[in-house]
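Taking it in order: structure first as structure tokens, then the write-up.
The values are calculated or read from the model by the stated rules, or taken from the named source; none is laboratory data. Since the structure is predicted, the reported quantities are computational estimates derived from the model, not experimental observations. Counting neighbours? That spans all protein chains shown, and the Cβs are built from the backbone with ideal geometry, glycine included.
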Amino acid sequence: MAKDIYVGEVSHNEEIQVDHFLMRIKLPVCFAEPLPGQFVMIRIAGLQDPFLSRPVSIYSFARSRTNCTIELLYRVVGKGTQILAGLIKRSQVEICGPLGGGYTIAPSRKNIIFIAGGIGVAPLSLLAQYLCKTACHDAEAMTFYLGAKTADAVVGLDGLGKYCYRIVVCTDDGSLGEKSLVTKAFQRDIKNYPPAESAIYACGPRPMLRSLSKMLTKKYFCQVSLEERMACGVGACIGCAVAIKEEDDKTVYKRVCADGPVFDLQKVIWE
Ligand code: FES
């Protein structure tokens, strides 16, 4: 279960929206290329408190001859992320990863649909970028539904235009885009996405994913990335276990960090 830990250097750490930060980190060139959906555990180099290690999805990745660069999007929600937000250029961080498994690429679907709530945009942006470069050449449309409570919490919108044919922004108060839950906007359009021709990828808060599970029949290919609290991030503490339905309808518990964070939507037990 032990994983390699890399020391990285912060080259950029900026508040891009209220309480939402974009951090860019330079890592050794041997850092493995992440699959879309994978995450890292990050903490400040030399800090001994294990509880201040935080899981963050990888938002972008690039490799040059001399180093690798990852970008992380994160929201300040507690002590650990508050400390991250205070890091200045050239601060050192410890990165464990890439961790977990990535999204499965569904072969040749006409419609690729992404549904993100809040900071859930991060892994889906990496996936959109990946699909554009690789498997998705025959997709006629990549549509991105991006939801947040208010305009202040919409992040990652700028980069999406390069990859997605259509972007639907929704906010709870209508301060940006449609005044709607992102799942409602998707539901309105669902007739345009026949199950056999569509692949759906989602990441966001649990209530958003739960309501998606009620809208989609088992015929749909839909994978979701779960945002659970994590302590170790490498499968050792069982602190991130979620109930999953197996093929024979038996319930088993899976670790989001090691067995996920990506699961088939219909296999997750949402109650
Ligand atoms: Fe420890 Fe997942 S966080 S097992």
Test each condition in (1) within 22 Å of residue 73 (Cα to Cα); (2) in the same structural domain as residue 124 (by TED's automatic domain parsing); (3) of a type in the set (Val, Ile, Thr) for residue 256 and report the one that comes out false. (2)
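Please find, within region 82-94, the residue that is nearest to residue 31 (Cα to Cα) out of those that are free of Cβ contacts under 8 Å to residues at least 40 places away in the same chain and in a helix (DSSP H, G or I). Let's see the steps before the verdict.
From region 82-94, those free of Cβ contacts under 8 Å to residues at least 40 places away in the same chain are 82-83, 86; that's our starting set.
If we keep only those that are in a helix (DSSP H, G or I) as well, we get 82-83.
Values: 82: 26, 83: 24 Å.
Filtering first and then ranking leaves 83.
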Every residue from region 245-257 that is surrounded by fewer than 17 Cβ atoms within 10 Å (Cβ to Cβ) and either within 16 Å of the ligand (Cβ to nearest atom) or within 17 Å of residue 211 (Cα to Cα) (or both): 252, 253
Counted residues, region 169-206 - those being of a type in the set (A, V, I, L, M, F, W, C), buried (at least 20 other Cβ atoms within 10 Å of the Cβ) and outside any helix (DSSP H, G or I): 5
Go through region 61-94 and count every residue that is touching a strand residue (DSSP E or B) at 6+ places or on another chain (Cβ under 8 Å) and either under 12 Å from residue 8 (Cα atoms) or of a type in the set (A, V, I, L, M, F, W, C) (or both). 21
By residue number, the members of region 245-263 that are assigned to a strand (DSSP E or B) and touching a Cys at 6+ places or on another chain (Cβ under 7 Å) are 255
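Go through region 216-253 and give me each residue that's of a type in the set (Phe, Trp, Tyr) and in the same structural domain as residue 185 (by TED's automatic domain parsing).
Quick first cut of region 216-253, residues of a type in the set (Phe, Trp, Tyr) only: 220-221, 253.
Listed by number, the residues that qualify are 220, 221.
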Flag for residue 231 being under 24 Å from residue 97 (Cβ atoms), among the small types (Gly, Ala, Ser) and surrounded by fewer than 15 Cβ atoms within 10 Å (Cβ to Cβ): no
Flag if residue 271 is more than 19 Å from residue 106 (Cβ to Cβ), among the acidic types (Asp, Glu), at pLDDT below 95 and more than 16 Å from the ligand (Cβ to nearest atom): yes
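For (1) in contact with a Pro (Cβ under 8 Å, 6 or more places away or on another chain); (2) closer than 17 Å to residue 116 by Cβ; (3) among the hydrophobic types (A, V, I, L, M, F, W, C), each residue gets a yes or a no:
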residue: 183; (1), (2), (3): no, yes, no
residue: 189; (1), (2), (3): no, yes, no
residue: 199; (1), (2), (3): no, yes, yes
residue: 211; (1), (2), (3): no, yes, no
residue: 215; (1), (2), (3): no, yes, yes
residue: 218; (1), (2), (3): no, no, no
residue: 231; (1), (2), (3): yes, no, yes
Is it the case, given these coordinates, that residue 260 is surrounded by 19 or more Cβ atoms within 10 Å (Cβ to Cβ), touching a residue at least 12 places away in the same chain (Cβ under 8 Å), within 16 Å of the ligand (Cβ to nearest atom) and more than 17 Å from residue 112 (Cα to Cα)? yes
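Take region 207-244 and flag every residue that is in contact (Cβ under 8 Å) with a residue 24 or more places away in the chain, within 16 Å of the ligand (Cβ to nearest atom) and in a strand (DSSP E or B).
Residues satisfying the conditions are 225, 242, 243, 244.
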